[in-house]
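J.: Below is a structure I'd like to ask you about.
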Amino acid sequence: MSATQLGCPPRPTASIRDAVRVYGARTAVDGVTVEVHSGEITMLVGPNGCGKTTTMEMLVGLRRFTSGEAAVCGIPVRPGGGHRRYVGVQLQHSGLPSRIRVQEVLAAAGSLHAEPADARGLADTLGLAGHWNVSVDKLSGGLRRRLDIAAACMGRPPLLVLDEPTSGIDAEGRAEVWKFLRDRARAGTAVLASTHDLAEAEAFADRLLVMDSGRIRLSGAPDEVIASVGGQW
């Protein structure tokens with residue numbers, strides 16, 4: 001399925017241009033330009049505090065720009081704007097009520113969309129099959145992250161923006177999550193994810209964007225980026 005079939009114009013599915021975010025005397029994001037394409041997994045890679053989360057939050061309208069602009073499916077990004085129906089977002093901290101159950105989280109997420117995805121199917125694919133009636137406070141950190149990803153997918157969005165999607169998940173579980181995301185990309189979804197794990201980025205990304213001190217320092221296919229630094233991260 002193409003991005004157009006998913007409700008988006010042709011690529012890029014989303015873009016952020018000349019993005020700057022300043023907090024007092026500190027520049028958290030300094031002139032970042034990123035395009036995210038249908039059918040690809042693009043990974044923002046860099047250490048904690050380098051600006052990955054701020055960049056992603058600006059792209060989806062959760063944080064205001066000091067300067068710059070963003071668009072999703074050709075719609076300018078504004079807080080509370082119409083671009084939201086085309087985006088599924090997983091944040092580092094979901095803030096879900098502790099007593100809400102897995103099935104209730106997905107039902108609530110699905111209720112926001114005219115044609116929601118199959119909640120049970122998503123839960124099963126992401127390893128939540130045995131936790132359907134379990135409350136959030138009884139889930140491990142890794143299972144909560146899987147639930148956040150499932151909730152982000154309930155609207156069948158053409159763009160997924162995922163902040164550290166495999167944080168707290170063991171190695172086997174990480175492979176399962178990335179297989180799930182690879183399948184979404186093959187179906188036409190554009191995926192933007194962040195990680196500080198360079199080995200993970202090398203293994204699962206189509207494009208790497210290496211970020212440091214608020215700027216994109218390197219970009220390209222994983223092998224190109226690795227070759228540009230002489231094979232050493």
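J.: When region 101-128 is examined, which residues are found to be surrounded by fewer than 18 Cβ atoms within 10 Å (Cβ to Cβ) and assigned to a loop (DSSP other than H, G, I, E, B)?
T.: Correct list: 111, 112, 113, 114, 115, 116, 118.
J.: Return the total of residues in region 42-63 being part of a loop (DSSP other than H, G, I, E, B), of a type outside the set (A, V, I, L, M, F, W, C) and at pLDDT 95 or above.
T.: Start the filter on region 42-63 by keeping residues that are part of a loop (DSSP other than H, G, I, E, B), which leaves 46-51, 60-63.
If we keep only those that are of a type outside the set (A, V, I, L, M, F, W, C) as well, we get 46-49, 51, 61, 63.
This time we only want the ones that are at pLDDT 95 or above, so: 51, 61, 63.
Number of matching residues: 3.
J.: Looking at residue 196, is it closer than 21 Å to residue 82 by Cβ and open to solvent by 50 Å² or more (accessible area, probe 1.4 Å)? Outline the logic, then answer.
T.: On the way: closer than 21 Å to residue 82 by Cβ: no; open to solvent by 50 Å² or more (accessible area, probe 1.4 Å): yes.
No; evaluated as a whole, the condition is false for this residue.
J.: From the list 98, 94, which residue is assigned to a loop (DSSP other than H, G, I, E, B), over 18 Å from the mean Cα position of the chain (by Cα) and either under 22 Å from residue 190 (Cα atoms) or at pLDDT below 95 (or both)? Full working, then the answer.
T.: On the way: 94 fails: over 18 Å from the mean Cα position of the chain (by Cα).
Among 98, 94, only 98 is assigned to a loop (DSSP other than H, G, I, E, B), over 18 Å from the mean Cα position of the chain (by Cα) and either under 22 Å from residue 190 (Cα atoms) or at pLDDT below 95 (or both).
J.: Okay, moving on. Of the residues 212, 223, only one is more than 17 Å from the chain's Cα centre (by Cα), open to solvent by 50 Å² or more (accessible area, probe 1.4 Å) and touching a residue at least 60 places away in the same chain (Cβ under 8 Å); which?
T.: Of 212, 223, the one residue that is more than 17 Å from the chain's Cα centre (by Cα), open to solvent by 50 Å² or more (accessible area, probe 1.4 Å) and touching a residue at least 60 places away in the same chain (Cβ under 8 Å) is 212.
J.: Also: Looking at region 11-36, I want the residues that are in contact (Cβ under 8 Å) with a residue 24 or more places away in the chain and have a partner that is outside any strand (DSSP E or B) and of a type in the set (Phe, Trp, Tyr) with Cβ atoms under 7 Å, at least 6 apart or on another chain. Which pairs are those?
T.: So the pair list comes out as 19/65; 20/65; 21/65.
J.: Further question: Going through 137, 163 one at a time, which residue ends up being buried (at least 16 other Cβ atoms within 10 Å of the Cβ), among the acidic types (Asp, Glu) and out of contact with any Phe, Trp or Tyr (no Cβ under 9 Å at 6 or more places or on another chain)? Working first, answer last.
T.: Numbers: 137 fails: buried (at least 16 other Cβ atoms within 10 Å of the Cβ).
Going through 137, 163 in turn, the sole match is 163.
J.: Next up: Of all the residues that make up region 159-187, how many are in contact with a Gly (Cβ under 6 Å, 6 or more places away or on another chain) and outside any helix (DSSP H, G or I)?
T.: Count: 3.
J.: Residue 91 passes all but one of (1) surrounded by 15 or more Cβ atoms within 10 Å (Cβ to Cβ); (2) in contact with a strand residue (DSSP E or B) (Cβ under 6 Å, 6 or more places away or on another chain); (3) of a type outside the set (S, T, N, Q); (4) over 27 Å from residue 132 (Cβ atoms); which number fails?
T.: Unmet for residue 91, out of (1) surrounded by 15 or more Cβ atoms within 10 Å (Cβ to Cβ); (2) in contact with a strand residue (DSSP E or B) (Cβ under 6 Å, 6 or more places away or on another chain); (3) of a type outside the set (S, T, N, Q); (4) over 27 Å from residue 132 (Cβ atoms): (4).
J.: Okay, next question. Would a scan of region 169-186 turn up a residue that is at pLDDT 90 or above, open to solvent by 30 Å² or more (accessible area, probe 1.4 Å) and among the aliphatic types (A, V, I, L, M)?
T.: Yes, the conditions are met somewhere in region 169-186.
J.: Then there is this: On the basis of being of a type in the set (S, T, N, Q) and closer than 28 Å to residue 46 by Cβ, does residue 125 make the cut?
T.: Numbers: of a type in the set (S, T, N, Q): yes; closer than 28 Å to residue 46 by Cβ: no.
The answer is no for residue 125.
J.: Return the pair list, or none, for Cβ contacts closer than 8 Å from residues in region 41-65 that are touching a residue at least 60 places away in the same chain (Cβ under 8 Å) and over 15 Å from residue 217 (Cβ atoms) to residues that are assigned to a strand (DSSP E or B) and among the polar types (S, T, N, Q), at least 6 apart or on different chains.
T.: Within 8 Å, the pairs are 53/194; 56/194.
J.: Select from region 21-61 the residues that are over 15 Å from residue 163 (Cβ atoms) and of a type in the set (Gly, Ala, Ser) and list them in ascending order.
T.: Answer for region 21-61, where residues must be over 15 Å from residue 163 (Cβ atoms) and of a type in the set (Gly, Ala, Ser): 24, 25, 31, 38, 39.
The values are calculated or read from the model by the stated rules, or taken from the named source; none is laboratory data. Here the structure is a predicted model, which means the values were calculated and not measured. For neighbour counting, all protein chains shown are included, and Cβ atoms are generated from backbone atoms with ideal geometry for every residue, glycine included. The protein model used for the area step is the full one, side chains on, heavy atoms only, and it has no ligands, DNA or RNA in it. Shrake-Rupley method; radii C 1.70, N 1.55, O 1.52, S 1.80 Å.
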